[in-house]
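All remarks here apply to the structure that follows.
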Amino acid sequence: MQKITFLFSILFLAFSSCGVKTTQSMLSDGNYDGAIDRSVEALRTKKDSKGKQDYVYLLEEAFAKAKDRDLRDLEMLNKENNPANAERIYNTYLQLNNRQEKIRPLLPLSLLKQGKNAYFPFDNYSTELVNSKNALSKYLYENASALLKSKNKMDFRKAYDDFAYLENINPGYKDAKKLMDDALFKGTDFVDVYAKNETNMVIPKMLQEDLLDFKTYGLNDKWTVYHSERQKNVKYDYSLILSFKQIAISPEQIKEKEFVKERQVKDGVKTLLDSRGRPVKDSLGKEIKVDNYRTLTATVYEFRQFKSCLVTAKVDYIDLKTNQLVQTFPISSEYVFENIYSTYKGNRGACDDNYLSYFDRRAVPFPNNEQMVFDTGEDLKAKLKDIIVKNKFTR
């Protein structure tokens, strides 16, 4: 037991030493906040123990250096007097404040050898936070509002991001929420989706409706919306056209096959005979018994009902601003109806066990042509979705 405790102690010291070295390395590399995070995590438990003293010193040093760097950055940014620096200034004040709040719950932290507490000079940044947030809010609002006057969708999307950021840091600022919704609408690519039947057969209405029900595809994203029915007050950017080119349906077929199956099954035991027909005996004079097998035979009449449907189509992407074909993709789907059933004469047990279920089946009505076409729908839908996922409209 003492040996196990000793081993655990060595392992604990090894892990602790490794953690301290990693934190020291972060501090040396200028990753002050990384060093602070590791030190804070280590000091959450037994902060006043001797084994945690290295972390207290590292935390004190990392905090001082991080604060000094941030204050020097703020001095430079404020001197530049550039409105575009508003976000960096706000985030730096936020970082200064958050860093203090991360350490505050651990205080006081003792420096045991020096007989005093570690020094963390905290400041109140509330005024600077409010002022920098207001300056950033003003900048974001004005910049995004200017982008909304553009005619470029990419600018509308940048405006949306700015308004969304503004709503996050300063909810309810002026009419930012309304303008954010405007930017979303203006930045969205609207896609008109419809089908064309270029075959000499009727496409089931339910199939067309199901294929064009893009709500079930889950393809709409922030910047792309698909409509199977055109809506008023929407200027469409693209068209997605699903053109049915050919529908080939095979004749209804019933193919018959006849074959004989044989199988040997155990049927009790019998006396082993030699080549002259005399019983074979063992060393004790007893007749030797062996398994007796008999052969089962059956004539099987197998019937295969078969009918197939092949639908070929293409998917066209049209840019409505230029009325040009952007891309085209072939698409096809085959549905096969097949029913196999069998009858037999003779002994049913002559057939393999996995074949016996065919004897319990019967002929069934063939699906009509419309049903065959409709049954290709799930496969067509999956392939259409795959094409759209791999070839997004959004630039």
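The values are calculated or read from the model by the stated rules, or taken from the named source; none is laboratory data. It should be emphasised that the depicted structure is a prediction, and the values quoted were computed from it without experimental measurement. We place every Cβ from the backbone using ideal geometry, glycine too, and count neighbours over all the protein chains shown. What goes into the accessible areas is simple: the full protein's heavy atoms, side chains included, and nothing from ligands, DNA or RNA. Shrake-Rupley method; radii C 1.70, N 1.55, O 1.52, S 1.80 Å.
Listed values, structure above:
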| read-out | value |
| --- | --- |
| Number of positions in segment 259-317 that are in contact with a strand residue (DSSP E or B) (Cβ under 8 Å, 6 or more places away or on another chain), hydrophobic (A, V, I, L, M, F, W, C) and more than 30 Å from PRO330 (Cα to Cα) | 13 |
| Qualifying residue in segment 118-129 (condition: small (Gly, Ala, Ser), in a loop (DSSP other than H, G, I, E, B) and open to solvent by 60 Å² or more (accessible area, probe 1.4 Å)) | no |
| Sole exception among (1) open to solvent by less than 20 Å² (accessible area, probe 1.4 Å); (2) not in a helix (DSSP H, G or I) for GLN114, by number | (1) |
| Which listed residue is among the aromatic types (Phe, Trp, Tyr) and modelled with pLDDT under 95, from PHE12, PHE63 | PHE12 |
| Members of segment 176-221 found to be acidic (Asp, Glu) and more than 20 Å from ASP161 (Cβ to Cβ), listed by number | ASP192, GLU198, GLU209, ASP210, ASP213 |
| Within segment 345-391, tally of residues that are touching a residue at least 60 places away in the same chain (Cβ under 8 Å) and touching a strand residue (DSSP E or B) at 6+ places or on another chain (Cβ under 7 Å) | 15 |
| Criterion: touching a residue at least 40 places away in the same chain (Cβ under 8 Å) and out of contact with any strand residue (DSSP E or B) (no Cβ under 9 Å at 6 or more places or on another chain) - qualifying residue of MET201, MET154, MET180 | MET154 |
| Test: residue in segment 97-107 that is assigned to a loop (DSSP other than H, G, I, E, B), over 16 Å from VAL130 (Cβ atoms), modelled with pLDDT of 95 or more and open to solvent by 80 Å² or more (accessible area, probe 1.4 Å) | no |
| For THR188: the one exception among (1) more than 28 Å from ASP379 (Cβ to Cβ); (2) open to solvent by 80 Å² or more (accessible area, probe 1.4 Å); (3) β-branched (Val, Ile, Thr) | (2) |
| Considering residues of segment 191-214 that are in a helix (DSSP H, G or I) and open to solvent by less than 30 Å² (accessible area, probe 1.4 Å) only, the residue farthest from ASN368 (Cα to Cα) | PHE214 |
| Segment 257-282 residues that are under 30 Å from GLU302 (Cα atoms), paired with ones that are open to solvent by 100 Å² or more (accessible area, probe 1.4 Å) (beta carbon under 7 Å, 6 or more apart) | GLN264/TYR293; VAL265/TYR293; VAL265/ARG294; LYS266/TYR293; ASP267/TYR293; ASP267/ARG294 |
| Those residues of segment 87-118 which are within 15 Å of ILE36 (Cβ to Cβ) and either among the β-branched types (Val, Ile, Thr) or touching a strand residue (DSSP E or B) at 6+ places or on another chain (Cβ under 9 Å) (or both), in sequence order | ILE103, LEU107, LEU109, ALA118 |
| Residue, farthest from the chain's Cα centre (by Cα), within segment 70-85, restricted to residues that are charged (D, E, K, R) and open to solvent by 80 Å² or more (accessible area, probe 1.4 Å) | LYS79 |
| Filter pass, ILE89 being of a type outside the set (Phe, Trp, Tyr), farther than 18 Å from LEU136 by Cα, open to solvent by less than 60 Å² (accessible area, probe 1.4 Å) and assigned to a helix (DSSP H, G or I) | no |
